[in-house]
1. With respect to residue 40, determine if the residue is under 26 Å from residue 132 (Cα atoms) and modelled with pLDDT of 90 or more.
2. For the structure I just gave you, tell me whether residue 180 is crowded, with 20+ Cβ neighbours inside 10 Å, modelled with pLDDT under 95, of a type in the set (Gly, Ala, Ser) and out of contact with any helix residue (DSSP H, G or I) (no Cβ under 7 Å at 6 or more places or on another chain).
3. What's the number of the condition residue 122 fails, among (1) within 10 Å of the chain's Cα centre (by Cα); (2) farther than 30 Å from residue 265 by Cα?
4. Restricting the first residue to region 156-169 and requiring it to be of a type in the set (Asp, Glu), which pairs with a second residue that is outside any helix (DSSP H, G or I) and modelled with pLDDT of 95 or more meet a Cβ separation below 7 Å and a spacing of at least six or different chains?
5. Quick check on region 1-32: of everything there that is among the β-branched types (Val, Ile, Thr) and surrounded by fewer than 23 Cβ atoms within 10 Å (Cβ to Cβ), which residue is farthest from residue 84 (Cα to Cα)?
6. Which pairs turn up if I take residues in region 15-31 that are more than 16 Å from residue 61 (Cα to Cα) and look for partners that are in a helix (DSSP H, G or I) with beta carbon separation below 8 Å, at least 6 apart in sequence or on another chain?
7. Mind checking which residues of region 82-113 are within 13 Å of residue 2 (Cα to Cα), part of a helix (DSSP H, G or I) and either touching a Gly at 6+ places or on another chain (Cβ under 9 Å) or free of Cβ contacts under 8 Å to residues at least 24 places away in the same chain (or both)?
8. Do we find that residue 154 is closer than 20 Å to residue 188 by Cβ, under 12 Å from the mean Cα position of the chain (by Cα) and crowded, with 17+ Cβ neighbours inside 10 Å in this structure?
Amino acid sequence: PVTILSGFLGSGKTTLIQYILKSPDHGKRIAVIENEFGEGLAVESMIARDGVDNGSLIDLIELPNGCICCTVKDSLVSTLELLLQRRRDLDYILIECSGMANPGPIASLFWLDEGLSRLRLDGIVTLVDAAHLERQLGATKEAAQQIAYADRILLNKVDLVDEASALRLLNLIRTIHPTAPIRRTQFSAVPDLTWVLDTSCFDVDRVKDVDRALNEIEYCSDHSHQHDHGKEATCSICFAHKHTASVSTLAIVEEGSVDLRKLDQWLASLLWPNQDEQDKVL
């Protein structure tokens, strides 16, 4: 399984990796691939390794000099293929994206590259810096992309904002991604690691769960009833149903049979329009 960790620089990605590696509960042998656009990669690697002596970290690979969603994407593929060849004892892979990375093109590699067919994308976890989210969303589109592609969202550093601000941020995140579960965290601490590892977010059953959640959202919106979830906002279903003006829907109805492969290729072209022409949907 592969988990992609997304989030702006300073959101707590490396701290989450360290937290996972130090945990005695998961029993996994984990390889970590780190990418940073700037010059801070060596520092990130030292932080990830610091205090990890339980054997959970079996490899840590650095991909400098660019962002893995674009300029060093081929290097990521080569690294993953090499990792599969040389580490037969590997249980799990964590990929830490650069702060400016769009996780969408990275996720697409696990469908479009035949050499990675042995790997399974488990999910995308996005960390959000509570103290700086609003500024980041106003400054760059990547902040919204990272939230939009997430299967799990950690609203991290909530100790740096008051309760009113935290609730405002939760609602803001919901306008971008209505269904992803959100958990408030401090210092990237997630006591239940099954919340971020082995989530099977791309399994068929998970898709059914999302569909059920969307139906319940529509029910909540239609009946305008209220829910009291207390201060721990981890519910992924009931919330104020909002969309930005950039969100719209389109339904295409065709009679007759559908070629699923061609449909997959068409959907992939919409999701990942900048893929090379030679890339194929497996």
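The values are calculated or read from the model by the stated rules, or taken from the named source; none is laboratory data. Quick caveat, the model's predicted, so the values are computed rather than measured. Reconstructed Cβ throughout: ideal geometry from the backbone, glycine too, with neighbour counts over all protein chains shown.
1. Judged against the criteria, residue 40 is not a match.
2. The answer is yes for residue 180.
3. Evaluating residue 122 over (1) within 10 Å of the chain's Cα centre (by Cα); (2) farther than 30 Å from residue 265 by Cα leaves (2) as the failure.
4. 159/186
5. 15
6. Between residues of region 15-31 that are more than 16 Å from residue 61 (Cα to Cα) and residues that are in a helix (DSSP H, G or I), the close pairs are 15/47; 20/193; 23/193; 25/193; 26/20; 26/193.
7. Across region 82-113, the qualifying residue is only 84.
8. yes
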